[in-house]
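Since the structure comes first, as structure tokens, the remarks are kept for the end.
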Amino acid sequence: MARLCNLRARAAALQGGRCIYCDGPMWGCAPDGSDDIDAFLATYGGTARSALRAQCTAEHIVARQDGGRTTAANIAAACRYCNEHRHARHEADPFTDYRRYVRARLAEGRWDGCAWWRLPDPMRGSRPDEGDPVPTGLPAMCGN
């Protein structure tokens with residue numbers, strides 16, 4: 001797991017801490033945990049529940065099920081929402097197809113999961129401490 005965590009951190013740094021699919025900001029990119037959910041909420045607002053969607057995950061460009069390996073050349077950083085939705089599809093789209101799909105949905109205003117930080121939301125409090133409390137038992141930084 002430590003190797004995957006390091007590869008994810010490397011990919012996130014190369015991507016400027018932004019999701020490879022939706023270009024949204026992510027937290028949990030640093031292997032030392034220095035960019036935790038609290039720092040993310042202080043910067044972007046929202047609730048802990050909505051911020052969970054922006055947690056940084058390691059994304060295999062060529063899926064492991066398709067023979068992809070855990071190497072620097074095959075790992076990108078993706079927000080949890082985009083990563084989970086890619087793999088929730090009946091057949092996971094190839095990386096470039098899925099990226100085009102997400103970007104097109106964003107352009108249409110139809111990619112709900114990680115666009116919350118882009119637009120004002122009347123359902124969100126204006127301060128990071130408003131709304132849902134920070135849940136306990138968050139996934140480990142390197143647990144994905």
Which listed residue is surrounded by fewer than 15 Cβ atoms within 10 Å (Cβ to Cβ) and touching a Lys or Arg at 6+ places or on another chain (Cβ under 7 Å), from A72, A2, A77
A72
Just need a number here: residues in the stretch 50-79 that are touching a strand residue (DSSP E or B) at 6+ places or on another chain (Cβ under 8 Å), more than 15 Å from Q15 (Cβ to Cβ) and either part of a helix (DSSP H, G or I) or modelled with pLDDT under 90 (or both).
2
Residue check for A92: crowded, with 18+ Cβ neighbours inside 10 Å and either outside any loop (DSSP other than H, G, I, E, B) or at pLDDT below 90 (or both)
no
Of the residues in the stretch 32-49, those that are in contact (Cβ under 8 Å) with a residue 60 or more places away in the chain, surrounded by fewer than 16 Cβ atoms within 10 Å (Cβ to Cβ) and assigned to a helix (DSSP H, G or I) come to D38, A42, R49
For the structure I just gave you, tell me whether R86 is charged (D, E, K, R) and surrounded by 21 or more Cβ atoms within 10 Å (Cβ to Cβ).
yes
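The values are calculated or read from the model by the stated rules, or taken from the named source; none is laboratory data. Since we're looking at a predicted model, the values are computed, not measured. FYI the Cβ positions are ideal-geometry reconstructions off the backbone, even for glycines, and counts take in every protein chain you see.
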